Structures are given as C-alpha cells and as structure tokens.
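Here's the structure, in structure tokens; my notes come after.
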Amino acid sequence: MEYDILLKNGRVIDALTGLDGKYDVGIRHGKIAAVAESLPAVDAASLIDVEGYIVMPGVIDSHVHVSTEARWIGYSMMASVGVITAVDFGGPIKDTLRGFATYGCGMSVAGLHTITPGRNTKDSDPTVEEISEITDEALAHGAIGLKMVGGHNPATPEATARIIEVANKKGCYIAFHVGTTEHGSDIEGLREAVELAGKNRLHIAHVNSYCRGLHMDPAAEALEAVDLLRSHRNLVSESYLGTINGTSANIEDGLPVSHVTRNCLRMGGYTPDEKGMGEAILGGWALIQVVRGGKMELVTGEEGYQVWKDAGTQARVSFPVNDTTSMHILAAAKMKGSDEFVVDAMSTDGGSIPRNVQLERGAALVRLGALTWPELVRKLTLNPARMFGFELKGALAEGFDGDVTVAHPVTGRAHLGISRGQVIMIDSVVVGKGGHLLAATPEGAAKAKEVGLSSEVVDLSKSWFYTRT
Ligand SMILES: [Zn+2]
C-alpha cells in the first residue's frame, strides 16, 4: 500500500506551502507522503473522509503544564482537543518524563526545567556555577532548556540576567514568566525582562498575562507589549486566549505563597492573605482545580472552599483575570509592513489547566474577522515549530512528520488527531499510547528510551529562538 492513512476531501491549510483548498493527504511510515488534489483511494490501508473539515498540521501547544503528578491528566485533555505536540513549561524534567511515559497519549513533547530560586537553588541570587549545574543536569535528563517563574518564585534581577546568559552560552532554550524581586508579573516586569535579556535570546511566556490592567488600561498595556516585542526580535513569545489563569492556592504563614495569587486576590477586591483567599473561593472569584471524570474541573463557592480546606490549603486555583481586549490585540498584532505576527505563537498555558481553547477560541477570532484560518493555522503550527526548532513539524509537506489535526471550520472543535502517522484522537476520544520526546542532547534523548518513550534530538541552533532577526 502506498499510504497507511489517506485523508480525503478536506480543506487543507498549510502555512509552509501556502496551500488552502481541497486536497488529499497521504501518510506513510509516520511521515507525510503526499499532498495532492486527488490521491487514489485504492492505494490506502485506511481511508478517512474528512469532507467539510479543515486539515492542518498537528497543533503544537507552545506552553503547557503536564509535569507534576497532579497534572499528568493534562495529556489526555490536550489530545482530546487536537493537540499533537506540546512544550511543557514546568518540570522537574524527571517528573515530566515519568508522566509522559505513562500518560503520553501518543503525543510529541519537549520539556523545560524550572529553576526555582530558594527551592532548587540556595536562595534568590544563584551563582553561575549553581545555574550551570542545574542546566547541565536538566539537558542530560531530556529537557530542551530552562524556565524561570519570576511571577511565582522571583530571583533578583541580577540572577535573572545571569540565568538568561548561562542558558544562551550553553545554546539551550530559556523561557521567562516575567517578574523578579524588583518587579512583578506585569507590564513593568515585561519592561524589565527586555532590559535583563539585553542582546541574549529569551522566550517571553504568555504575554497576555502581563496586560491585565494592573498599571494602565489593559489595551494600553497590550499595545506597549506589542511595541516592546516589535523592537526586540531577540525575544520570541506566545500568548493565549483563555480567560482564566492558573496558579497556586497554597497558604504558608497566613499568606498565599505565590505573588501572582496575591495580585489576583487584590484584583477581585479581596485581601491578599488566607482570609481573603477563603472569601474569594466562597464568593466565586477563586476557582479551585479538582480532578473528576478523567479531567480537571473548576469548583467554587462552598464546594470549592471545602476542597481547598480538605487539601490543607494546598491546591491549584484559577481566577478569571485575563483581559479579553488585551488577549485579542496580542493574538492578532502584526509586524509593521509585514505579515509576520508580533507574538509568534498561540498557546494555552494549559494542559492540565482547563483552558485548552486555542482551536475553539481561535475559530471564534476567525468568525469575528480578527484572523483568517491560514493565519490561525500559522500561529498554531508552523510558527511554534520554528520557534523551538522542530524542523519536521508544523507543515503538511512531503517528508514532514505525519502530524495532522482535523477541525470543524466553524466551531474549531477537533475531530481527529494524528501523531507521527498514528490516530491518537477521534471526536474527543483519546486512543493514542506512548510518546515521543524532543530533547536537546543525545543523553537526554537516551533518558526517554529508558522509560519506554521514543525520542529525537532537536537542533536549537536552527530554531527561531537562536536565529530570528
Ligand atoms: Zn505556564
């Protein structure tokens, strides 16, 4: 047989080849074998008619959280909405691999390892030696780089710049949820991040979350973020379209551990302490995350309060703090005089956080006329593939990985997910098994094999992260 799978009669949209029209897609040995106006059905072991649907390269979620045990459920949540490849922005990388090996749903995943001042370093001002050691260890265990969570666990500005510098010298990835001991996770933190990066390469995580209106009108903050990113192309970035965030409801010594959480309480008119958190849950402002029926749900009011108390105030929480005006500005903004997007990719910062809405909300932006389908596809596939150097992902062209997402053209609902030539999801039912790790080093790729995953080494030197000008 010429093809293992033949997708017939769909509207193929591909950002690399510029295709947008009725084509057939043939997949063989895990790769795209052919895309043409008509491929003979007799040549296919398995024929799937996708008439009336959009056929795009497998969706890449450029920012998710599925690393720790409570979050492993995120794999099936992602696969069910058509995500084929994801980049975990948490770690520890050893936990990411353990969860991925068991719950991977057939997806491809790359992982970042979080450097948490005071937790895996001695304090908020780690030395070059400490940072180097953590980085080497992370890369050897399968990570593609580091993540800093300044909003939750800030380092000093000096140490933050040091971490960026070390990662750049080692040629690995480095992503930043902005914020230091000097500035918060907001537009001021973003200004500071641009300064701290200098000429180094840096990934600015979830840009929309710094434009929640803490200092100016949310739209004004979004426009400033757009200006900063337009004039600093050494920075790559993503933003998401979910209205809720995801943070920690943990209380220590009467205070929320996370500074993000304290901000969220203030935004809802609650005091940033244990009492305020309790009132915010009872009042419906704070939504406690709880696993039910194979997915993460949000509960609030009396029920949420009880869940939080029963967990000894150690729980995850979401607040409806994301401003829709700023997230829409960031989703659609383009470079001046070009078709290139300012914010490279559309992510979810989801996975286990129940806001994997990139296709659903993205399709809504298409209905509004804010984006076209080809533009949405570019932000969900080719751009993130290039950003991370996933050379054979993000396109429906011969020789590329057999990754395909099939979605409804009006609702954006995912109908079919194919990962490296295997069907992993049909109409929200996840059938995929195993997983494929995208690592930065051969040692890291070998670690994946130890836990039963397949793997490959990504060449970050060819990524937008290191090459974009
Ligand atoms: Zn995140």
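Quotient of the Cα radius of gyration of the stretch 194-234 and 2.2 N^0.38 Å, N being its number of residues: 1.19. Projected onto its three principal axes, the C-alpha set of the stretch 73-223 covers 42, 40, 26 Å, listed from the longest axis down. Assign one of three labels to the stretch 245-320, namely rounded, prolate or oblate, based on the Cα gyration tensor with a ≥ b ≥ c the square roots of its eigenvalues; rounded applies when a/c is under 1.5, prolate when it is not and a/b is larger than b/c, and oblate otherwise. It comes out prolate by the Cα gyration axes.
Stretching the chain fully between Lys334 and Arg468 yields a gain of 46.7 nm (0.36 nm per residue, less the alpha carbon separation). Cα-Cα pairs above 43 Å in the chain: how many percent? Of all Cα-Cα pairs in the chain, 10 percent lie more than 43 Å apart. In a reduced charge model with +1 at each Lys and Arg Cβ and -1 at each Asp and Glu Cβ, the chain shows a dipole moment near 480 debye about its Cα centre. For the pair Ser461 and Lys295, the difference between a 0.36 nm per residue extended length and the Cα-Cα distance amounts to 56.1 nm.
Please give the FRET efficiency for Asp310 paired with Lys433, using the beta carbon to beta carbon distance and R0 = 45 Å, rounded to the nearest 0.05. Approximately 0.85, to the nearest 0.05.
In the chain, a dipole from Cβ-located charges (positive for Lys and Arg, negative for Asp and Glu) runs towards its positive end, and of Ser419, Ala219, Ala70 it is Ser419 whose Cα lies farthest in that direction. Look at the dipole of the chain built from charges on Cβ: of Ala364, Ala140, Ala205, the Cα furthest out on the positive end belongs to Ala364. Site pair His408 and Ser248 shows an inter-label distance of 3.9 nm when each label is modelled 7 Å from Cα along Cα→Cβ.
Counting 0.36 nm for each residue step from Arg230 to Thr156 and taking away their Cα separation leaves a gain of 24.0 nm. Take the Cα radius of gyration of the stretch 195-265 and divide it by 2.2 N^0.38 Å, N being the number of residues; the result is 1.31. Dividing the mean sequence gap of close Cα pairs (under 8 Å, 6+ apart) by how many residues the stretch 190-271 holds gives a relative contact order of 26 percent.
May I ask you to derive the relative contact order of the chain, considering only C-alpha pairs under 8 Å and at least 6 residues apart, and to give it as an integer percent? Relative contact order here is 23 percent. Charged side chains reduced to their Cβ positions (Lys and Arg at +1, Asp and Glu at -1) give the stretch 356-455 a dipole of some 220 debye around its Cα centre. From most to least packed by mean Cβ count within 10 Å, the peptides 27-39, 240-252 give 240-252, 27-39. Each Lys and Arg contributes +1 and each Asp and Glu -1, all at the Cβ; summed about the Cα centre of the stretch 245-320, the dipole is approximately 260 debye.
May I ask which residue of Gly283, His408, Ser454 lies farthest towards the positive end of the charge dipole of the chain, with charges of +1 (Lys, Arg) and -1 (Asp, Glu) on Cβ and the Cα centre as origin? Checking the options against the dipole of the chain, the answer is His408.
Values in this text are rule-based calculations from the coordinates and carry no lab data. Since the structure is predicted, the reported quantities are computational estimates derived from the model, not experimental observations. Glycine also receives a Cβ, built like all others from the backbone with ideal geometry; neighbour counts cover every protein chain displayed.
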